[in-house]
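Encoded as structure tokens, the structure appears first; notes follow it.
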Amino acid sequence: MKIELEMYGATYIAEMQNDEMTGEDVMELFSRLLVTAGYPPSVIRLPDDDGHYEYIAEDEEIVKRKEN
């Protein structure tokens, strides 16, 4: 697996030999890549809010939405 980030003429690459990574592993690897690019760890940490995505089909409609 290879993740490449190009910003302002600089390229940052994270490469792993193992392609069997979980989503959390990929997010952790990308977070470390962002830190390498100069972002502080406090900016890239994910909140502990148990957030999730739900798929809404074309024939469905949102009747209630709650935002934090």
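The values are calculated or read from the model by the stated rules, or taken from the named source; none is laboratory data. Bear in mind the structure is a predicted one, so any value in this text is a computation, not a measurement. Note that each Cβ is placed from the backbone with ideal geometry, even for glycine, and that neighbours are counted across all protein chains shown.
For region 2-19, a residue qualifies if it is over 15 Å from the mean Cα position of the chain (by Cα) and either modelled with pLDDT of 85 or more or surrounded by 10 or more Cβ atoms within 10 Å (Cβ to Cβ) (or both), and the qualifying residues are Glu6, Met7, Tyr8, Gly9, Ala10, Thr11, Tyr12, Ile13, Glu15, Met16, Gln17. Which pairs turn up if I take residues in region 17-40 that are under 18 Å from Glu6 (Cβ atoms) and look for partners that are aromatic (Phe, Trp, Tyr) and loosely packed, with under 14 Cβ neighbours inside 10 Å with beta carbon separation below 9 Å, at least 6 apart in sequence or on another chain? Once the first residue is under 18 Å from Glu6 (Cβ atoms) and sits in region 17-40, its partners that are aromatic (Phe, Trp, Tyr) and loosely packed, with under 14 Cβ neighbours inside 10 Å give Ser31/Tyr39.
Against the conditions (1) of a type outside the set (A, V, I, L, M); (2) at pLDDT below 85; (3) assigned to a loop (DSSP other than H, G, I, E, B), Gly38 satisfies every one except (2).
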